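> Mind looking over this structure? Questions follow.
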Amino acid sequence: MLSSIFKKFAGRANKKWLKSCQSIVGRINELESGYQSLSDDELKAHTSQFKARIQEGETLDDLLPEAFATVKNAARRLVGSKFSVIGQDIEWDMIHYDVQLIGGMALHQGRIAEMATGEGKTLVSTLPIYLNALSSRNVQLVTVNEYLAQRDSEWMGCLLSYLGLSVGCIKNQMPPEQKRKMYGCDVTYGTASEFGFDYLRDNGMAHSAEEQVQRDHYYVIIDEVDSILIDEARTPLIISGPAPIQREQPYTKMKSGIQRLVSKQVSFCNKLANAAKAEFEKEEESAIEDGADELDPLADLLLVKLGAPKNKTFMRLMERGDIRSEFDKFETEMHGDLNKDRMYALKERLFYTIDEKQRQADLTEKGRVELRPDDPDGFMLPDLATKFSELDKNTSLSQEEKDAIKLKEQEKLEEVGEDIHAISQLLRAYSLYEKDVEYVVQGGKVVIVDENTGRVMPGRRWGDGLHQAVEAKENVTVERESRTYATITVQNYFRMYDKLAGMTGTAETEATEFHDIYKLNVAIIPTNEPCIRVDENDVIFKSRREKYNAAIEDIEEANKKGQPVLVGTVSVEASELLSRMLRRKNIPHNVLNAKYHQQEAEIVARAGIRGAVTIATNMAGRGTDIKLGGGVKDKGGLLVVGTERHESRRIDRQLRGRCSRQGDPGRSKFFISLEDDLMRLFANSGPMSKILQNSMEEGEPLEHPLLNRSIETAQKKVEQQNYSIRKRLLQYDDVLNKQREIIYGIRNEALHSEDPSQTIFELVEEEFVERLESESGESEAGSYSGFVTWLNSHFPIGLREEDFDGLALEAILDLALEKVREAYRIKKTAENEEALVHLERFILLNSIDGRWQEHLTEMEELRRSVSLRSYGQKDPLSEYKNEAYTYFHELVGMIRTQLCSRLFRTATNMVAIENVKTMLARQAVARGPGDLTPTSRGPEMARGNEVSLPKVAVKRTAPKVGRNDPCPCGSGKKYKRCCGR
Ligand code: ADP
Ligand code: MG
């Protein structure tokens with residue numbers, strides 16, 4: 001209801017906006033015809049003139065008509081010129097249409113320009129790129145893959161460089177110097193993930209300003225914006241490396257057990273399904289006599305659904321309207337509160353249960369016994385609290401013995417925890433992740449397939465051990481647990497830009513999300529020529545087989561008369577099936593899927609020629625349009641055949657939009673079956689089963705307006721669910737984002753400041769304040785013995801407690817700080833100044849990085865653990881926020897204390913260390929009888945000119961204490977803030 005009002009309103013607003021653009025279009029065209037009489041050099045001179053005018057205070061908006069006219073006029077002058085783009089000769093043949101000028105205005109205003117495929121969005125972007133680059137800041141253009149980044153940068157580079165702009169393109173494997181050069185250009189093309197990774201490397205990992213490559217986050221235009229900001233936004237960007245401690249991989253170890261479990265469950269479910277089927281058939285014969293047994297087959301079916309939801313017999317039975325409606329009713333009842341116990345008992349007949357919608361898998365009691373008959377409790381976490389308190393009461397043991405036992409228990413807890421986790425991931429891997437659908441195996445690696453674009457995503461990994469579980473399942477090398485070095489969501493990366501804009505053929509259905517998350521409004525730009533595509537009604541079949549047969553018939557018919565066909569599928573598996581079916585019919589065709597994505601652009605480009613048949617997984621964000629070959633218009637243009645409705649309406653629109661570009665004829669038609677995932681999981685079962693009840697013969701399609709509507713409803717449901725997942729991800733990342741800003745802020749200060757010691761001393765001061773405040777709170781009488789001891793063990797300043805007598809807190813702080821500064825000044829005189837700056841930077845970065853990375857891991861764990869707390873009626877997000885705050889506070893504390901410990905324990909070289917030692921000693925003597933060498937360890941020795949930081953060998957004698965547990969030394973502080981740091 002509300003959304004339809006919003007739509008109408010948005011429609012009106014859009015019309016109004018379009019109208020306001022009209023007069024500017026007129027002005028641009030007028031200017032452009034005036035420019036036609038200029039010489040080439042006069043036109044080119046505009047660029048520097050515009051730049052100068054901006055310097056004098058004119059705004060980009062003021063310049064828009066002239067700048068756009070200049071670009072359009074340059075395009076006109078290039079017509080007929082030959083260029084080489086990715087090694088192919090092309091002739092420039094484009095002059096901006098009016099609708100393209102409007103698109104350019106939308107982009108300049110930071111909107112999403114929705115323009116159909118083939119409308120020439122690539123050319124549209126040149127207008128705002130040129131205009132915004134006049135500000136001398138880095139304008140960026142994001143494409144969906146590197147191939148397109150290179151193609152578009154070279155192709156549009158013809159026009160942009162004609163006007164004197166430099167154009168760069170970022171590639172994955174480029175060395176940093178080259179990337180820096182590319183970002184240094186006026187315009188930089190690249191992919192979203194590479195831009196994001198560069199940001200993370202620059203801010204989270206670079207060790208000097210020279211290593212940083214990006215210069216600006218000013219204005220970015222995202223091509224195929226829905227594909228990037230919606231589809232890709234589901235997985236955050238993560239830079240990770242091997243974890244420092246190698247843990248033994250439980251996956252390989254547990255695999256065979258799980259495999260056994262899975263195959264047992266599969267055959268158990270088969271039996272149940274078959275029994276249920278037989279029961280239904282019997283019932284049919286003997287009509288509705290006995291009501292007593294009636295529920296059993298339904299219960300069996302429910303078990304199958306919980307244990308093996310993709311069971312074939314089960315899916316067949318669900319095609320029958322009468323059974324389905326009965327089953328749906330039964331299922332709803334069973335999920336009700338009244339049937340809790342019964343449901344529980346039912347589940348316990350399985351080895352594990354699967355929740356297909358939530359993508360979860362859980363071991364049951366039966367499964368536990370099966371896995372470890374000798375010790376089913378082996379998969380229960382030990383109750384540490386009780387054990388420990390009993391142990392403490394036990395007087396017959398010495399403290400050491402107790403500690404040893406505690407340590408053992410603690411280790412066991414960790415081990416069991418890991419096993420439980422590994423089992424649940426393996427179950428997911430076996431029962432929910434299918435090869436060639438969710439992932440492919442390439443070169444001994446498990447590579448994720450993006451479910452929306454069908455493209456493989458090399459290098460990305462599922463988190464939380466799932467990837468390792470799938471690797472174990474596929475018998476490829478299980479990679480090491482990795483540690484996150486830096487991470488950011490796509491959303492938060494792009495929100496950093498001053499101005500964001502996007503273009504795509506399909507943004508309307510996701511307009512709310514663009515608006516809420518990115519503050520991006522969608523501008524719907526009319527097509528240059530009216531679109532005459534015919535979208536046919538969906539045809540729906542009961543089974544996949546019937547559906548594919550019908551689709552093949554249509555393809556064959558079109559192919560016979562020479563009409564090109566584009567066939568869309570939702571998975572690699574379906575593509576291959578269709579390909580086999582076509583081969584049997586001797587219809588030549590091309591397959592375009594995740595596996596062959598390198599040649600994809602060329603295949604797509606040829607998909608419109610006479611007689612071509614092209615099968616493609618999912619056309620979103622392919623970035624190449626399909627031009628019709630000669631003689632194809634008379635045959636009705638391109639025929640688009642969809643073989644399944646996608647989860648999201650947008651992807652279907654993308655597929656349909658591939659035909660009828662620029663006023664061409666074209667037709668689109670979707671074939672659907674009730675076995676399709678979307679239909680099985682989400683379609684409203686009520687009306688569906690009614691229709692199925694009076695359904696018909698094998699192979700006959702169902703057509704009913706109700707069905708069409710329930711498909712839309714199903715898609716909307718999934719879209720909403722996916723949006724809330726992304727929103728959730730973002731809400732969590734927002735917390736981390738604030739922290740990241742602070743940490744990266746300090747890091748950048750360290751990298752760019754001429755005098756990093758300023759930053760260091762700010763942090764030192766904060767640490768002093770914190771320590772003093774906590775101590776003054778504890779002891780009434782103003783005793784600062786703790787602080788003094790700490791000071792003297794970290795800084796060579798020899799202060800005594802009496803020095804603080806009679807001083808107020810602030811004066812103490814000043815005195816302590818002044819002492820440290822003085823000591824540092826002395827240290828400085830003994831050092832090589834330039835080397836010292838490097839050292840300071842090094843100390844800062846080093847104190848930050850390791851801790852921050854640990855923190856990232858802790859935050860991931862926190863996130864996992866709060867999601868469990870939602871059982872306790874607590875809102876996991878606010879729990880997360882609270883604890884995240886505490887964690888961060890601690891993190892900053894640890895960074896500061898680490899800094900304090902290192903400040904005087906590192907030096908640029910041997911000589912310097914010796915010098916500092918003697919000078920400090922002299923100073924200290926001159927100051928009085930205090931302790932001369934304040935720390936027993938003294939400065940760490942460094943060999944030659946290299947700097948090494950103190951290594952502390954930790955021998956664990958006491959029980960292993962959790963980092964957040966109270967410190968065993970009795971200080972009352974957390975372990976990680978006290979002895980554990
Ligand atoms: P989109 O990204 O909108 O799907 P492209 O930018 O890939 O479209 O352009 C599609 C085709 O239209 C290209 O082959 C391009 O040469 C052509 N084209 C774009 N704009 C014009 C124009 N103004 N005049 C002539 N051809 C154009
Ligand atoms: Mg494009």
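The values are calculated or read from the model by the stated rules, or taken from the named source; none is laboratory data. Note that this is a predicted model, so its numbers are computed, not measured. Counting neighbours? That spans all protein chains shown, and the Cβs are built from the backbone with ideal geometry, glycine included. Accessible surface areas use protein heavy atoms only, side chains included; no ligands, DNA or RNA. Shrake-Rupley method; radii C 1.70, N 1.55, O 1.52, S 1.80 Å.
> Just to confirm, what accessible area per residue do you get for region 382-516 at 1.4 Å probe, in whole Å²?
So region 382-516 comes to 43 Å² accessible per residue, rounded to a whole number.
> In the structure shown, do any of K560/K717; K738/K819; K255/K445 have a Cα-Cα gap over 28 Å, and if so which?
Working: K560/K717 39 Å; K738/K819 34 Å; K255/K445 17 Å.
As for pairs spanning more than 28 Å Cα to Cα, those are K560/K717; K738/K819.
> If R₀ is 35 angstrom, what is the calculated FRET efficiency for the pair V441 and I609, using the beta carbon separation as r and rounding to 0.05?
Numbers: r = 34 Å, r/R0 = 0.96.
So the FRET efficiency works out to roughly 0.55.
> Measuring from a point 7 Å past the Cα of A52 along Cα-to-C-beta, which residues in region 163-206 have an amide N at less than 15 Å?
Inside the label zone: nothing.
> What is the packing order of peptides 218-229, 796-807, 561-572, taking the mean over residues of other C-beta atoms within 10 Å and listing the highest first? Present the calculation step by step, with values, prior to reporting the outcome.
Numbers: 218-229: 25.9, 796-807: 16.7, 561-572: 23.4.
Answer by packing, highest mean first, reads 218-229, 561-572, 796-807.
> Quickly work out the E331-to-D41 label distance, labels modelled 7 Å from Cα along the C-beta direction, and quote it in nm with one decimal.
Computed distance between label sites D41 and E331 equals 7.7 nm.
> Please report, as a whole percent, how much of the solvent-accessible surface of region 3-157 comes from carbon and sulfur atoms (probe radius 1.4 Å). Intermediate results must be reported in sequence, preceding the final value.
Numbers: 3480 of 6810 Å².
That fraction is 51 percent.
> Using 1/(1 + (r/R0)^6) with R0 = 51 angstrom and r between the beta carbons of D734 and K282, what's the FRET efficiency to the nearest 0.05? Display every interim value, and only then the final one.
On the way: r = 58 Å, r/R0 = 1.14.
The computed FRET efficiency comes out at 0.30.
> Quick one: length gained pulling S793 to S267 fully straight, 0.36 nm per residue minus the C-alpha distance?
Details: separation 526, 0.36 × 526 = 189.36 nm, distance 6.75 nm.
Extra length available between S793 and S267 comes to 182.6 nm.
> Taking square-rooted eigenvalues a ≥ b ≥ c of the alpha carbon gyration tensor, is region 785-907 rounded, prolate or oblate, where a/c under 1.5 means rounded and, failing that, a/b exceeding b/c means prolate? Write out the running numbers ahead of the final one.
On the way: a/c = 4.00, a/b = 1.76, b/c = 2.27.
It comes out oblate by the Cα gyration axes.
> Ok, one more. What part of the accessible area of region 394-438, given as a whole %, is carbon or sulfur when the probe is 1.4 angstrom?
Its accessible area is 49 percent carbon and sulfur atoms.
> Hey, another quick one. Enumerate by residue number the GluC sites (Glu not before Pro) in region 46-97 meeting two conditions: DSSP loop (anything except H, G, I, E, B), and at most 16 other Cβ atoms within 10 Å of the site's Cβ. Walk me through the intermediate numbers first.
Working: sites: E56, E58, E66, E91; in loops: E56, E58.
Here the GluC sites (Glu not before Pro) that fit, given the DSSP loop and packing criteria, are E56, E58.
> Give, in nm to one decimal, the length gained when the segment between M496 and N274 is fully stretched (0.36 nm per residue of separation minus the Cα-Cα distance). Working shown, then result.
Working: separation 222, 0.36 × 222 = 79.92 nm, distance 5.70 nm.
Full-extension gain reported as 74.2 nm.
> Given a 1.4 angstrom probe, what's the average accessible area per residue across region 600-667, in square angstrom? Before the final figure, lay out the partial values.
Details: 1930 Å² over 68 residues.
Roughly 28 Å² per residue, with all protein chains present.
> While we're on this one: Accessible area per residue of region 158-197 at 1.4 Å probe, in Å²? Mind dumping the intermediate values first?
Details: 1450 Å² over 40 residues.
Solvent-accessible surface per residue comes out at 36 Å².
> Can you give me the distance in nm between label points at K874 and M581, each placed 7 Å from the Cα along the Cα-to-Cβ direction?
The modelled label-to-label distance comes out at 5.3 nm.
> Which length gain, in nm to one decimal place, applies between S81 and R483 when the Cα-Cα distance is subtracted from 0.36 nm times their residue separation?
Details: separation 402, 0.36 × 402 = 144.72 nm, distance 5.18 nm.
Length difference between fully extended and current span is 139.5 nm.
> Assuming R0 = 51 Å, can you tell me the calculated FRET efficiency for the pair S166 and E411, based on Cβ-Cβ distance, to the nearest 0.05? Don't skip to the end; give the middle numbers.
Details: r = 59 Å, r/R0 = 1.16.
Rounded to the nearest 0.05, the efficiency is 0.30.
> In the calculated pair distance distribution of region 327-376, what percentage of Cα-Cα distances lie above 19 Å? Display every interim value, and only then the final one.
Details: 452 of 1225 pairs.
The proportion of pairs with Cα distances above 19 Å equals 37 percent.
> Now for a separate question. I'd like the Karplus ³J(HN,Hα) series for region 722-732: coefficients 6.51, -1.76, 1.60, θ = phi - 60°, whole numbers in Hz, and an x wherever there's a Gly or Pro.
The phi angles translate into 5, 4, 5, 5, 5, 5, 4, 3, 6, 4, 5 Hz.
> OK, next. Using modelled backbone amide H atoms (1.01 Å from N, in-plane), which distant-in-sequence or interchain residues come within less than 5 Å of S240's amide H?
Amide H neighbours of S240, under 5 Å, 5+ apart: Y485.
> Rounded if a/c is under 1.5, else prolate if a/b is larger than b/c, else oblate: which is region 399-485, with a ≥ b ≥ c the root eigenvalues of its Cα gyration tensor? All intermediate terms of the calculation are to be shown ahead of the outcome.
On the way: a/c = 3.36, a/b = 2.69, b/c = 1.25.
Since a/c reaches 1.5 and a/b is larger than b/c, the shape of region 399-485 is classed as prolate.
> On to the next question. Which value in nm describes the separation of the simple spin-label points at T59 and R825, placed 7 Å from the Cα toward the beta carbon?
5.1 nm
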